[in-house]
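Enquirer: This is the structure I want to talk about, given as C-alpha cells.
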Amino acid sequence: MCLTEPQCGTDLGLIRTKAVPNGATGPDGEPAYKITGTKIFISAGEHDLTENILHLVLAKLPDAPPGAKGISLFLVPKFALKADGGLGARNGVACGAIEHKMGIKASSTCVMNFDAAEGYLIGAAHGGMRAMFTMMNTARLAVGMQGLGLAETAYQSAVAYARERTQGRALKGAKHPDKAADPIIVHPDVRKMLLSMRATIEGSRALAAWVAVAVDVAERHPDPARRQEADDLVALMTPIIKAYFTDTGYAATNLGMQVFGGHGYIREHGMEQLARDARIAQLYEGTNGIQALDLVGRKLPQNMGRLLRRFFHPVLAFIEDNQGEADLAEFILPLAKAFGRLQQATAWIAQQGLKDPDEAGAAASDYLRLFALTALAYMWARAAKVVIAMDKDQRRDFHEAKLATARFYMTRILPETSGLFAAINAGAAPIMEPQEAWF
C-alpha cells in the first residue's frame with residue numbers, strides 16, 4: 001500500500017503524487033497512466049522474494065477535486081506486464097532509501113520513487129480512498145492481532161523467567177526452604193504484572209474470536225440482514241481492536257521486561273526486542289489517536305447509532321438475563337457498572353460533540369479505552385458463566401484459572417473505567433485552554 005508521502009500521513013488529501021493518462025492501455029485493455037511522486041514508509045516496497053511487486057498507489061488525476069475526494073487508486077507493477085501476463089521491462093518505480101528504524105528491522109521500510117511509472121486505475125476515478133479502506137480495515141485488524149501476539153510472547157517468556165529466577169523470600173516465609181531463595185513468581189508485584197498481562201491477553205483473545213466470527217458471518221451468511229448486522233459489529237470494533245490490542249501489546253512487552261529486571265534490558269533474553277517491535281503497531285495503519293477519532297467521529301453517529309446497537313444490545317441482554325444469578329454476581333455487577341459508564345459516556349459525547357467538536361476529540365482516546373475495557377469485561381463474564389455452569393468434578397486447572405483470571409480482571413483492571421469516565425466528563429477545557437506559547 002503506497003499511501004504516505006513526506007508531507008502527509010493521516011491527511012491524505014495533501015498528497016502530491018500525480019497520475020496523467022499516457023494514451024496506452026494495460027494488459028486487459030484498460031487505460032494506462034503515468035504515475036509520478038514519492039511515497040514513504042512502504043513496507044517491503046522493494047525485495048527479491050517474488051518476481052514482481054504490485055504497488056497499490058494513491059494519486060490524483062489532472063481533474064481531481066481538492067482534498068481526499070480527489071484521490072484515485074492505481075496498480076503500479078515493478079515490471080511492466082505483457083499481454084500474456086509475463087514480465088516486461090522494468091517500470092519507472094524504484095526504492096530511493098531504506099529507513100533505519102527502532103524495531104521490526106527485518107522488514108524493509110522503503111522510500112519509493114515513481115518516475116512516470118505506468119499504472120492502471122482501480123475502480124472509479126476519485127474513488128481511491130473508499131477502495132483503499134477495504135485493505136486498510138483488514139490491515140487494522142491484523143495489526144491488532146500483531147499487538148496481541150507480541151503480548152502473548154512477552155507473557156510466556158516472563159512466566160518462564162519468573163519460575164526460574166530466584167531472588168529473596170516470600171513475604172510470609174520461605175516457599176522453597178531447600179533453595180537459597182524463592183522464585184520471583186511468589187512476590188505479589190511480580191504476580192500482579194503477570195496477571196495483568198494474562199487477563200488482558202485472554203480477554204482480548206476472546207474478543208478477537210467474537211469479532212472473527214462476525215467477519216465470517218458478514219462475508220458468507222445467506223441472510224443479507226445477518227450479514228449487515230455482522231458487518232456493523234466488525235466496523236464498530238475495528239478501531240477498538242487495532243488501538244487497544246496494540247496498546248496492550250506494548251504495555252505487556254514492557255511489563256515482561258520489568259519482570260526480567262536488568263536482564264530484560266539487554267539483548268540476551270530478547271525482551272527488549274519485543275518492546276521495540278511492539279511500538280510500531282500503535283503507529284502504523286493509522287495511529288491509535290486516529291482510531292479513537294474514527295470511533296467517536298464516524299462509527300458512533302453512523303446510521304443514527306446503528307453500529308453501537310450491535311454491541312450494546314447483546315451486552316444489555318446478557319446483564320439482564322444473568323443479574324439474578326448469585327454465583328455470577330461478582331462478574332455481572334462490575335460489568336453492569338462499567339457498561340453503565342460506557343452508556344453515559346456515549347450520550348455525553350453525542351451531546352457535547354454536536355456543540356463543540358473539540359469535546360469529542362478530547363474524549364476520544366479515553367472513550368475508546370473505556371469501550372475496550374467494557375468489551376473485555378463482557379468476554380470475561382461470559383467465560384465465567386461457562387465455567388460456573390460446569391460440574392465442579394469436571395473442572396480442571398484450566399477452568400479454575402479462567403475464573404481466577406476473570407476475578408483479577410474485574411477487581412484490578414476494570415476499575416480503571418471509573419477514572420476514564422471522570423476524565424471524559426472533565427471536558428475539553430483542561431486540554432484546549434492552555435495557549436500554544438505555554439508548551
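Enquirer: Does Ile104 satisfy the condition of being farther than 20 Å from Met135 by Cα and touching a helix residue (DSSP H, G or I) at 6+ places or on another chain (Cβ under 7 Å)? Even if it seems obvious, please write down each step before you answer.
Expert: Working: farther than 20 Å from Met135 by Cα: yes; touching a helix residue (DSSP H, G or I) at 6+ places or on another chain (Cβ under 7 Å): yes.
Here the answer is yes, as Ile104 does meet what is asked.
Enquirer: Can you work out which of the residues in the stretch 408-437 that are of a type in the set (S, T, N, Q) and in a helix (DSSP H, G or I) is nearest to the chain's Cα centre (by Cα)? Full working, then the answer.
Expert: If we filter the stretch 408-437 for residues that are of a type in the set (S, T, N, Q), which is where we start, we get 411, 417-418, 425, 435.
Now narrow it down to the ones that are in a helix (DSSP H, G or I): 411, 417-418, 425.
Working: Thr411: 25, Thr417: 19, Ser418: 23, Asn425: 25 Å.
If we take residues in the stretch 408-437 being of a type in the set (S, T, N, Q) and in a helix (DSSP H, G or I), then Thr417 is nearest to the chain's Cα centre (by Cα).
Enquirer: Pick from Thr25, Thr50: which is surrounded by 12 or more Cβ atoms within 10 Å (Cβ to Cβ) and of a type in the set (Ser, Thr, Tyr)?
Expert: Details: Thr50 fails: surrounded by 12 or more Cβ atoms within 10 Å (Cβ to Cβ).
Only one candidate qualifies: Thr25.
Enquirer: Related question: Show me the helices (runs of 4 or more DSSP H) entirely contained within the stretch 290-406 in which 3 or more residues are under 21 Å from Leu195 (Cα atoms).
Expert: Working: elements: 306-322, 329-355, 357-388.
So the answer is 329-355, 357-388.
Enquirer: Does Ala154 count as touching a Gly at 6+ places or on another chain (Cβ under 6 Å), within 30 Å of Asn254 (Cβ to Cβ), at pLDDT 95 or above and buried (at least 16 other Cβ atoms within 10 Å of the Cβ)?
Expert: Yes; evaluated as a whole, the condition is true for this residue.
Enquirer: The conditions are (1) within 30 Å of Gly103 (Cβ to Cβ); (2) in contact with a helix residue (DSSP H, G or I) (Cβ under 8 Å, 6 or more places away or on another chain); (3) in a helix (DSSP H, G or I); (4) of a type outside the set (A, V, I, L, M, F, W, C), and Arg276 fails exactly one of them. Which is it?
Expert: (2)
Enquirer: If you don't mind, there's one more thing I want to ask. Out of Gly147, Gly103, Gly168, I need the residue that is without any contact (Cβ under 8 Å) to a residue 40 or more places away in the chain, touching an Asp or Glu at 6+ places or on another chain (Cβ under 8 Å) and over 30 Å from Pro62 (Cα atoms). Which one?
Expert: Working: Gly147 fails: without any contact (Cβ under 8 Å) to a residue 40 or more places away in the chain; Gly103 fails: without any contact (Cβ under 8 Å) to a residue 40 or more places away in the chain.
Answer to the selection: Gly168.
Enquirer: While we're looking at this one, here's another question. With respect to Tyr284, is the statement that it is in contact (Cβ under 8 Å) with a residue 60 or more places away in the chain, under 18 Å from Leu150 (Cβ atoms) and touching a strand residue (DSSP E or B) at 6+ places or on another chain (Cβ under 8 Å) true?
Expert: yes
Enquirer: Looking only at the stretch 409-425, count every residue that is loosely packed, with under 13 Cβ neighbours inside 10 Å and either at pLDDT below 95 or among the hydrophobic types (A, V, I, L, M, F, W, C) (or both) and tell me the total.
Expert: Just the residues of the stretch 409-425 that are loosely packed, with under 13 Cβ neighbours inside 10 Å, to begin with: 411, 419, 422.
With either at pLDDT below 95 or among the hydrophobic types (A, V, I, L, M, F, W, C) (or both) added as a condition, the list becomes 422.
Matching residues across the stretch 409-425 total 1.
Enquirer: Also: When residues of the stretch 315-330 are filtered for being touching a residue at least 24 places away in the same chain (Cβ under 8 Å) and in contact with a Phe, Trp or Tyr (Cβ under 8 Å, 6 or more places away or on another chain), how many remain?
Expert: 2
Enquirer: Please determine, by comparing only the residues of the stretch 91-113 that are touching a Lys or Arg at 6+ places or on another chain (Cβ under 7 Å) and not β-branched (Val, Ile, Thr), which one is surrounded by the fewest Cβ atoms within 10 Å (Cβ to Cβ). Even if it seems obvious, please write down each step before you answer.
Expert: Residues of the stretch 91-113 that are touching a Lys or Arg at 6+ places or on another chain (Cβ under 7 Å), as a first pass: 91, 93, 102-103, 109, 112.
So of that shortlist, the ones also not β-branched (Val, Ile, Thr) come out as 91, 102-103, 112.
Numbers: Asn91: 22, Met102: 11, Gly103: 16, Met112: 23.
Going through the qualifying residues, I end up with Met102.
Enquirer: Right, something else. Working carefully through the options Arg298, Arg310, find the one that is under 20 Å from Leu141 (Cα atoms), touching a Leu at 6+ places or on another chain (Cβ under 7 Å) and either without any contact (Cβ under 8 Å) to a residue 40 or more places away in the chain or surrounded by fewer than 20 Cβ atoms within 10 Å (Cβ to Cβ) (or both). Working first, answer last.
Expert: Values: Arg298 fails: touching a Leu at 6+ places or on another chain (Cβ under 7 Å).
After applying the criteria, what remains is Arg310.
Enquirer: Do we find a residue being at negative phi, at pLDDT 95 or above and touching a helix residue (DSSP H, G or I) at 6+ places or on another chain (Cβ under 6 Å) anywhere in the stretch 388-397?
Expert: Within the stretch 388-397, one or more residues are at negative phi, at pLDDT 95 or above and touching a helix residue (DSSP H, G or I) at 6+ places or on another chain (Cβ under 6 Å).
Enquirer: Looking only at the stretch 1-13, count every residue that is free of Cβ contacts under 8 Å to residues at least 40 places away in the same chain and surrounded by 13 or more Cβ atoms within 10 Å (Cβ to Cβ) and tell me the total.
Expert: 4
The values are calculated or read from the model by the stated rules, or taken from the named source; none is laboratory data. Note that the structure is predicted; figures quoted are calculated from it, not measured. All Cβ positions, even for glycine, are placed from backbone atoms using ideal geometry, and neighbour counts span all protein chains on display.
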